[in-house]
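Have a look at the structure below before the remarks.
The values are calculated or read from the model by the stated rules, or taken from the named source; none is laboratory data. Please read all numbers here as calculations on a predicted model, not as lab measurements. Ligands, DNA and RNA are stripped out before the accessible areas are found, and what is left, the full protein with its side chains, is counted by its heavy atoms. Shrake-Rupley method; radii C 1.70, N 1.55, O 1.52, S 1.80 Å.
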Amino acid sequence: MATHAVHTGPRRRIEFDKHLPVDHRLNTVYRIGAGLIGAFLVAFGILGLINHIGFFSTGGATAAGLNTNGALSVLSICIGAILLIGMVIGGNVASTLNMVLGVLFLLNGFLFLGLLDTPHNFLAFKIQNVLFSFVVGLLLMTFGMYGRVGSTLPHDNPYWRARHPDAAEQERGDGG
């Protein structure tokens with residue numbers, strides 16, 4: 001006995017770009033998340049480079065309360081610039097970028113949590129960097145998923161309509 005819905009028609013691929021207008025209100029959330037975190041990462045990277053820290057130094061130099069070295073500073077500037085570009089583009093690009101980079105920040109936090117106090121800690125992470133990585137990852141994922149996932153999305157949400165095309169068409173036909 002099957003407990004799931006059976007799809008009788010041909011499977012349609014969801015194309016979100018068609019369903020989210022450029023001026024949709026969710027676009028602002030995605031842009032704000034990418035912009036704030038991207039700007040902080042660029043500023044952190046620049047502060048780290050200004051201190052003339054060695055590229056792979058693990059000596060304990062700090063910038064903005066976080067341990068850093070030249071490699072982490074350059075990486076922060078690059079990731080921050082990618083987020084700022086995502087902010088400029090906006091829409092689904094910014095949302096997807098926020099989600100992907102959020103997951104990567106979380107994975108990075110776990111990776112360097114395991115590498116703390118080992119000779120393989122080439123980005124000079126300390127526990128505050130790991131915690132920062134977790135927080136930024138969760139923030140980016142929250143900004144990226146806002147209004148896109150959830151069990152209670154309103155029926156006028158473009159993502160709900162894309163996932164439920166039959167129900168959305170029926171609501172349009174009923175005048176809803």
### Query
Out of curiosity, is residue 157 over 19 Å from residue 78 (Cα atoms) and either more than 13 Å from the chain's Cα centre (by Cα) or at pLDDT 95 or above (or both)?
yes
### Query
Taking the stated definitions as given, is residue 105 outside any loop (DSSP other than H, G, I, E, B), open to solvent by 40 Å² or more (accessible area, probe 1.4 Å) and aromatic (Phe, Trp, Tyr)?
no
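Residue by residue, here is whether (1) at pLDDT 70 or above; (2) open to solvent by less than 80 Å² (accessible area, probe 1.4 Å) holds:
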residue	(1), (2)
11	no, no
35	yes, yes
44	yes, yes
53	yes, yes
57	no, yes
68	yes, yes
72	yes, yes
78	yes, yes
